[in-house]
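Following: one structure in structure tokens, then a few remarks.
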Amino acid sequence: MNFGGPFFVLAIVAISMGCWLINNWIRAKHGYSISDDWGRNISREPDAERKVALLTSENERLNGQVGRLEERISVLERIATDPADRTARAIDALRDR
């Protein structure tokens, strides 16, 4: 095989382009941004940073809501598992105030 011939150079170019295409296909399949010919990432959505910020704030809000709901459920579990006479005495004590 003659390594100085044009077919060797064309083979290297073809292999490089094929690897670049496979790399971008894998990145796109898994949701990552693809790259251009010079390796710079191309964003699919121009407002991706804004969406990330909105999702982060919504995540914080939902985490707070889940915390409050867990507290309410623990109170309801305590009421449901307490003996009936203790719950009745607690309610009567609240009425006497």
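Could you check how many residues of the range 31-52 are modelled with pLDDT of 85 or more and surrounded by 11 or more Cβ atoms within 10 Å (Cβ to Cβ)? The total comes to 0.
On the basis of being of a type in the set (A, V, I, L, M), in contact with a strand residue (DSSP E or B) (Cβ under 9 Å, 6 or more places away or on another chain) and modelled with pLDDT under 85, does Ile79 make the cut? Break it down stepwise before answering.
Details: of a type in the set (A, V, I, L, M): yes; in contact with a strand residue (DSSP E or B) (Cβ under 9 Å, 6 or more places away or on another chain): no; modelled with pLDDT under 85: yes.
It is false that Ile79 is of a type in the set (A, V, I, L, M), in contact with a strand residue (DSSP E or B) (Cβ under 9 Å, 6 or more places away or on another chain) and modelled with pLDDT under 85.
For the range 14-30, indicate whether the set of residues that are in a loop (DSSP other than H, G, I, E, B) and at pLDDT 80 or above is non-empty. Working first, answer last.
Kept after step one, since they are in a loop (DSSP other than H, G, I, E, B), are these residues of the range 14-30: 30.
Within this subset, residues satisfying the condition of being at pLDDT 80 or above are 30.
Scanning the range 14-30 turns up at least one residue that is in a loop (DSSP other than H, G, I, E, B) and at pLDDT 80 or above.
The values are calculated or read from the model by the stated rules, or taken from the named source; none is laboratory data. Treat the numbers as computed from the prediction; the structure is a model and nothing was measured. Methodologically, a virtual Cβ is constructed for each residue, glycine included, from the backbone with ideal geometry; neighbour enumeration extends over all protein chains shown.
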